[in-house]
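**Q** I have a structure I would like to understand better, so I am pasting it below and will then ask my questions one at a time.
The values are calculated or read from the model by the stated rules, or taken from the named source; none is laboratory data. Keep in mind it's a predicted model, so treat the numbers as computed, not measured. Ideal geometry is used to build each Cβ from the backbone, glycine not excepted, and the neighbour counts take in all protein chains shown.
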Amino acid sequence: MIMTNKELQAAFKRLNKRFFDNRIQLPSTAVQFGDIEDCDGADGIELGDEIFIHNDFKRHPDMAILVLMHEMVHADLRQDGYIGYEHDAGHGVRFKGGIDRLYRAGAFDDLL
C-alpha cells in the first residue's frame with residue numbers, strides 16, 4: 001500500500017483532534033510528503049507552518065504516522081513557545097515528555 005498526501009493529511013487531522021485537542025494550527029494541506037531537500041536530510045521536518053514527511057515513508061504508512069506524530073510534537077511545542085537548544089534539535093526534556101504523553105495515551109498502539 002502506498003500512502004497519499006490526502007491520507008497523510010487525514011491522519012494529521014485525526015491525530016490532532018484525538019491527541020492534541022486540535023492545538024496544532026496548520027492547514028491540513030501543509031502536511032505532505034517531500035523529497036530529501038524538503039526534509040533537510042531527515043525522516044521528517046516541522047518548519048513552523050509546514051510538516052514534511054520523507055517520500056520513502058509513502059510505502060510504509062505505519063512509519064509515516066510515527067514520523068508524523070514526532071513532527072506534531074515539535075509543532076505543538078513550537079506553538080506553545082518552546083524553542084529548546086540547537087545542539088539537540090529541539091529534542092530536549094519537553095519534547096521527550098510530549099512523546100511519553102502520546103505513548104501513555106495509546107497513540108502508538110498498533111503501530112509498534
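**Q** Take MET69 and tell me if it is in a loop (DSSP other than H, G, I, E, B), at pLDDT 95 or above and either out of contact with any Ser or Thr (no Cβ under 9 Å at 6 or more places or on another chain) or over 21 Å from ASP109 (Cα atoms) (or both).
**A** On the way: in a loop (DSSP other than H, G, I, E, B): no; at pLDDT 95 or above: yes; either out of contact with any Ser or Thr (no Cβ under 9 Å at 6 or more places or on another chain) or over 21 Å from ASP109 (Cα atoms) (or both): yes.
Taking the combined requirement at face value, the residue does not satisfy it.
**Q** Do any residues in the range 69-97 that are among the β-branched types (Val, Ile, Thr) have Cβ atoms under 8 Å from those of residues that are in a helix (DSSP H, G or I), where the two are at least six apart or on different chains, and which pairs are they?
**A** What qualifies is VAL73/PHE95; VAL73/GLY98; VAL73/ILE99; VAL73/LEU102.
**Q** Within the range 54-91, how many residues are over 20 Å from ARG18 (Cα atoms) and of a type in the set (A, V, I, L, M, F, W, C)?
**A** So the first thing to find is which residues in the range 54-91 are over 20 Å from ARG18 (Cα atoms), and the list is 54-60, 81-91.
Subset that is of a type in the set (A, V, I, L, M, F, W, C): 57, 83, 89.
Residues meeting the conditions: 3.
**Q** Of all residues in the range 92-112, how many are more than 15 Å from LYS17 (Cα to Cα), in a helix (DSSP H, G or I) and touching a helix residue (DSSP H, G or I) at 6+ places or on another chain (Cβ under 7 Å)?
**A** 4
**Q** Restricting attention to the range 34-62, report how many residues are surrounded by 19 or more Cβ atoms within 10 Å (Cβ to Cβ) and either at pLDDT 95 or above or under 20 Å from ASP109 (Cα atoms) (or both).
**A** Count: 1.
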